[in-house]
Amino acid sequence: MKRKVFLPYLILLFSFILTVSYHYFAYIGHYGYDDMQYAKLANDLNHHIIDFGDHFSYRWPTIFMTALSYKVFGVCDFASSLPAIIITFSILTIVFLIIRKHNLFIICSGLALTILSQWSIFYSDKLMADIYVVFFILFSFFIIYHFKYVSDKKRPFLYAFLFALGMMFGFLSKEVILLTLPALIYLFITDIFLKRDIRFWIYSIIAGIIVLLIYFFIIWYLTGSPIKRFEAIFSNSYLNLCSYDKQPFEFLLNRISYEFFTMMINQGMLTGIIFVIAFMFQKNIKKTLQFSEPVSFFSISAILILFSSNFMSISFTSYVPMCLDVRHYLFIVPIAAIPASHIIWSFIEKKQCAIQIIAVLILFTLISYFSAVSSFIDLYLPMLALFAVAYILPTRYKLKYFFIVIFAVILMVMPFRMFQYAQQVRYDKQKKIVQDYFITNNSDCYVITDDVQIRLGIYYSGFNPNSRCTFLKMNEFNFDTLSSMKKKYLLLNGYTRYLSKLEDCDLPYYAKNIDSSNPLVFSDKDINLNIWELKTIGHQTVLLHSFNGFEDNVSLWEQNKENIRHDIKHKGSSSYFFNEFSATFKYSLDSIQSDSTSKVIINSNAWCLSNATTTAKLVVSIDRDGKSYIWQAIEINKFIKAFNNWCNVKFEVQVNSSEIQKNSVLKVYIWNPEKKELFVDDFDVEIIQVR
């Protein structure tokens with residue numbers, strides 16, 4: 001008897017150990033943007049500094065928990081990860097508390113579906129607000145569940161207060177908790193219609209209003225404006241591909257019709273939902289819709305949250321669904337895992353919903369197959385095979401637990417792929433190199449690198465304002481104005497460049513062509529990390545600079561007056577409209593002295609506007625006798641942040657001076673092979689010679 005009581009807790013402990021093991025063996029570090037901003041704000045809080053102009057500053061659970069961790073352990077990766085790991089333990093504990101009175105099969109499957117979702121375990125140790133949102137949403141629904149199905153219902157106000165508090169802390173974590181409102185409204189209306197638990201809902205509304213008023217009063221007291229948080233959100237907003245209100249309608253239509261569901265399926269986020277969908281297609285659907293028992297309650301909640309995540313707007317002024325990023329939807333996983341564990345048990349024990357489960361699995365398998373993603377072979381096809389075999393085989397005691405072991409192993413495959421990727425990245429090794437060379441010694445130096453590595457370097461130093469090591473962005477510094485007393489290093493890290501979205505073509509000239517006078521200090525080919533002492537970046541001479549704003553005729557440019565448009569422009573009074581070829585910059589290169597050591601750099605910069613995905617390219621070519629012998633191009637799509645909005649396209653091409661033939665002509669233009677509507681403005685060309 002004692003063994004049976006102890007085993008469920010042993011399974012919970014194992015899920016904790018799995019979480020910690022994943023952190024220890026598969027920790028991949030930081031993204032370098034949101035997480036480093038949370039780290040900075042937490043560190044600032046410990047120094048009594050709060051930036052109320054930053055909307056991240058209002059995500060108090062993340063900031064306060066991280067600040068407390070930094071206070072105890074200092075600014076380090078362990079302190080950054082510890083709060084998230086504790087929150088993950090809490091999520092698993094709540095799931096466990098809901099299903100612990102059931103058999104071991106249900107407990108195993110429920111916890112496995114929760115923690116072995118690849119993105120749930122990936123974010124289980126990340127310094128992000130999303131894991132806090134998962135906890136507080138789950139906590140809020142746990143309170144409703146406990147009141148409706150466990151308690152004696154004699155203390156509705158206590159439960160209502162805890163529910164309101166959970167929702168409030170979820171809102172403090174991130175505004176995304178508002179996506180749960182449709183599900184809560186449905187639960188409320190259904191209970192009112194069936195005349196049950198009305199006092200709980202009334203008290204919840206009252207408690208919610210009181211808690212919200214207290215929050216606005218605190219914000220008003222701290223900032224002078226009760227809506228300062230919303231003002232900060234508005235001021236910090238920026239144009240991106242998720243700005244659906246500023247793009248053609250087809251992008252919004254694609255987002256709400258299939259893109260969200262396809263992404264969630266392909267990323268393995270809807271494993272639990274498979275069984276919930278199957279459960280909904282049963283004969284006694286009326287009873288399910290009235291959520292008279294826990295499985296129905298969590299099934300209905302999961303389905304409604306899923307659909308509100310797809311359709312609900314996150315803007316009060318226009319219809320803007322949530323951006324397609326899996327971390328925003330992590331809260332769906334545990335909500336769906338709870339009923340799914342029961343449904344799987346019913347399938348194994350009584351073959352209930354068998355045809356429905358297999359049908360949904362076939363659908364998900366086909367979607368992943370035609371999407372050509374790894375989840376087809378890693379998750380859905382093995383799971384379909386497992387359930388098909390389980391449906392055919394007779395129900396036996398030993399087979400049940402053999403099934404759950406195989407089920408858990410299948411769920412582990414996608415997290416294992418992420419573990420393999422982490423072993424390739426070797427974040428721990430990257431960090432140690434940067435710390436050993438630049439942080440620990442605290443030597444006077446400049447480290448010139450990418451944006452993410454800069455943020456990580458400052459974080460590694462504990463945000464020390466007196467650090468003697470200064471990190472500088474590759475494209476935003478003047479080499480000649482740097483102190484000659486400090487050493488200068490060029491740090492190129494393949495992984496942080498990837499996180500910074502920097503390709504080789506985006507690197508400045510001196511980073512793509514390391515001068516032989518710059519000694520290589522460190523190199524590790526396995527992780528693609530190199531450090532040079534930067535003594536020179538080469539002597540650069542600007543030979544020509546030409547700007548065309550399409551307000552007037554500009555020398556060296558060929559353009560048609562008929563293509564000038566005054567109704568659409570980036571700046572000034574007009575822009576250039578074209579179907580296939582834009583206005584073209586032409587320049588004879590005979591004036592450039594040819595030698596074996598110098599290079600010519602052509603920098604081109606243009607602002608483009610496209611209403612849809614385009615194959616258009618910014619082209620740099622060098623022609624002789626009407627034929628191109630040097631031709632390079634870059635896709636405009638790479639630079640588009642939101643369609644039907646101006647985007648800045650940059651392209652740098654370098655050519656050895658010795659390669660330039662006599663009577664050659666440089667051409668810079670935009671080629672639009674599909675001949676779709678395209679606009680260009682503020683076209684800039686610069687020719688530089690480097691010796």
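The values are calculated or read from the model by the stated rules, or taken from the named source; none is laboratory data. The model shown is predicted, which means the values in this text are computed figures rather than measured ones. A quick note on method: Cβ atoms are made from the backbone with ideal geometry, for glycine too, and the neighbour counts reach across all protein chains shown. Side chains included, ligands, DNA and RNA excluded: accessible areas come from the protein's heavy atoms. Shrake-Rupley method; radii C 1.70, N 1.55, O 1.52, S 1.80 Å.
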Exercise for the section: Kindly state which helices (runs of 4 or more DSSP H) lie completely within the stretch 258-341 and contain at least 2 residues that are open to solvent by less than 50 Å² (accessible area, probe 1.4 Å) and within 30 Å of Ile233 (Cα to Cα). Expected result: 260-266, 294-311
Fill in the blank from the handout: With the first residue restricted to the stretch 497-512 and required to be on the phi < 0 side of the Ramachandran plot, and the second required to be of a type in the set (A, V, I, L, M) and open to solvent by less than 50 Å² (accessible area, probe 1.4 Å), Cβ contacts under 6 Å at 6 or more apart or on different chains are Leu499/Val452; Ser500/Val452; Pro508/Met474; Tyr509/Ile601; Tyr510/Ile537; Ala511/Met474
Problem - Odd one out for Leu491 among (1) over 20 Å from Gln654 (Cα atoms); (2) surrounded by fewer than 16 Cβ atoms within 10 Å (Cβ to Cβ) - result: (2)
Practice task
Could you check, for the stretch 94-106, whether at least one of its residues is surrounded by fewer than 24 Cβ atoms within 10 Å (Cβ to Cβ), at pLDDT 95 or above and under 28 Å from the mean Cα position of the chain (by Cα)?
Solution key: yes
Practice task
Of the numbered conditions (1) surrounded by 17 or more Cβ atoms within 10 Å (Cβ to Cβ); (2) in contact (Cβ under 8 Å) with a residue 12 or more places away in the chain, Ala359 fails exactly one; give the number of that condition.
Solution key: (1)
Exercise for the section: Hey, can you tell me all the residues within the stretch 178-234 that are among the hydroxyl-bearing types (Ser, Thr, Tyr) and in contact with an Asp or Glu (Cβ under 8 Å, 6 or more places away or on another chain)? Expected result: Ser225
Problem - Set Ser151, Ser120: member being open to solvent by 10 Å² or more (accessible area, probe 1.4 Å) and modelled with pLDDT of 95 or more - result: Ser120
Fill in the blank from the handout: Apart from one, (1) aliphatic (A, V, I, L, M); (2) under 29 Å from Trp646 (Cβ atoms); (3) open to solvent by less than 50 Å² (accessible area, probe 1.4 Å); (4) in contact with a Phe, Trp or Tyr (Cβ under 9 Å, 6 or more places away or on another chain) all hold for Leu529; the odd one out is (2)
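Given the residues Ser658, Ser604, which is the only one that is assigned to a strand (DSSP E or B) and among the hydroxyl-bearing types (Ser, Thr, Tyr)? Let's see the steps before the verdict.
Numbers: Ser658 fails: assigned to a strand (DSSP E or B).
Answer to the selection: Ser604.
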Fill in the blank from the handout: Among (1) surrounded by 15 or more Cβ atoms within 10 Å (Cβ to Cβ); (2) at pLDDT below 95, Ser596 falls short only on (1)
Problem - Residue list for the stretch 51-77, filter: at pLDDT 95 or above, more than 21 Å from the chain's Cα centre (by Cα) and under 24 Å from Glu231 (Cα atoms) - result: Phe64
Practice task
Could you give me the residue pairs with C-beta distances under 8 Å whose first residue belongs to the stretch 414-430 and is among the charged types (D, E, K, R), whose second residue is assigned to a helix (DSSP H, G or I) wherever it lies, and which are 6+ apart or on separate chains?
Solution key: Arg417/Gln118; Arg417/Asp378
Practice task
Sort out which residues of the stretch 212-243 are in contact with a Leu (Cβ under 9 Å, 6 or more places away or on another chain), open to solvent by 20 Å² or more (accessible area, probe 1.4 Å) and in a helix (DSSP H, G or I), and write them in order of number.
Solution key: Lys228
Exercise for the section: From (1) of a type outside the set (Val, Ile, Thr); (2) on the phi > 0 side of the Ramachandran plot; (3) in a loop (DSSP other than H, G, I, E, B), pick out the condition that doesn't hold for Lys641. Expected result: (2)
Handout entry: Filter result (closer than 15 Å to Phe14 by Cβ, of a type in the set (Ser, Thr, Tyr) and more than 19 Å from the chain's Cα centre (by Cα)) within the stretch 107-142
Key = Ser109, Thr114
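Among the listed residues Phe364, Phe297, Phe251, which satisfies the condition of being of a type outside the set (Ser, Thr, Tyr), touching a residue at least 60 places away in the same chain (Cβ under 8 Å) and in contact with a Ser or Thr (Cβ under 9 Å, 6 or more places away or on another chain)? Break it down stepwise before answering.
Working: Phe297 fails: in contact with a Ser or Thr (Cβ under 9 Å, 6 or more places away or on another chain); Phe251 fails: in contact with a Ser or Thr (Cβ under 9 Å, 6 or more places away or on another chain).
Exactly one residue qualifies, and that residue is Phe364.
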Problem - Filter result for Phe651 (assigned to a strand (DSSP E or B), among the hydrophobic types (A, V, I, L, M, F, W, C), in contact with a Leu (Cβ under 6 Å, 6 or more places away or on another chain) and surrounded by 19 or more Cβ atoms within 10 Å (Cβ to Cβ)) - result: yes
Exercise for the section: State whether the residues of the stretch 494-506 include one that is at pLDDT 90 or above, farther than 30 Å from Asp44 by Cβ, of a type in the set (D, E, K, R) and open to solvent by less than 40 Å² (accessible area, probe 1.4 Å). Expected result: no
Exercise for the section: Write out, first by first residue and then by second, each pair whose Cβ atoms fall under 6 Å of each other, whose residues are 6+ apart or on separate chains, and whose first residue, in the stretch 453-467, is without any contact (Cβ under 8 Å) to a residue 24 or more places away in the chain while the second is buried (at least 16 other Cβ atoms within 10 Å of the Cβ) and of a type in the set (Ser, Thr, Tyr). Expected result: Ser461/Ser467
Practice task
Please determine, by comparing only the residues of the stretch 656-687 that are among the hydrophobic types (A, V, I, L, M, F, W, C) and surrounded by fewer than 19 Cβ atoms within 10 Å (Cβ to Cβ), which one is nearest to Asp506 (Cα to Cα).
Solution key: Trp671
Exercise for the section: Return the residue satisfying two criteria in turn: it lies in the stretch 177-211 and is over 29 Å from Arg327 (Cβ atoms) and of a type in the set (Phe, Trp, Tyr), and of such residues it is surrounded by the most Cβ atoms within 10 Å (Cβ to Cβ). Expected result: Phe200
Practice task
Hey, could you check the stretch 57-86 for residues that are in contact with a Phe, Trp or Tyr (Cβ under 6 Å, 6 or more places away or on another chain) and surrounded by fewer than 22 Cβ atoms within 10 Å (Cβ to Cβ) and say which is nearest to Leu41 (Cα to Cα)?
Solution key: Pro61
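A quick yes/no check of all residues on (1) surrounded by 12 or more Cβ atoms within 10 Å (Cβ to Cβ); (2) under 19 Å from Val685 (Cβ atoms); (3) of a type in the set (D, E, K, R):
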| position | (1), (2), (3) |
| --- | --- |
| Asp515 | yes, no, yes |
| His539 | no, no, no |
| Trp557 | yes, yes, no |
| Arg565 | yes, no, yes |
| Phe578 | yes, yes, no |
| Phe581 | yes, yes, no |
| Ser588 | no, yes, no |
| Ile622 | yes, yes, no |
Practice task
Go over the candidates Tyr33, Tyr38, Tyr22 one by one and state the one that is aromatic (Phe, Trp, Tyr) and modelled with pLDDT under 95.
Solution key: Tyr33
Practice task
Could you check the stretch 526-589 for strands (runs of 3 or more DSSP E) lying wholly inside it with 3 or more residues that are in contact (Cβ under 8 Å) with a residue 12 or more places away in the chain and over 30 Å from Ser628 (Cα atoms)?
Solution key: 529-533
Exercise for the section: Could you please find all residues in the stretch 444-488 being crowded, with 21+ Cβ neighbours inside 10 Å and within 18 Å of Asn513 (Cα to Cα)? Expected result: Val447, Ile448, Thr449, Asp450, Met474, Lys488
Practice task
Restricting attention to the stretch 507-520, report how many residues are touching a Leu at 6+ places or on another chain (Cβ under 9 Å) and at pLDDT 90 or above.
Solution key: 1
Completion exercise
Taking the stretch 440-451 and the residues there that are in a loop (DSSP other than H, G, I, E, B) and touching a residue at least 12 places away in the same chain (Cβ under 8 Å), the one that is nearest to Val75 (Cα to Cα) would be Asn442
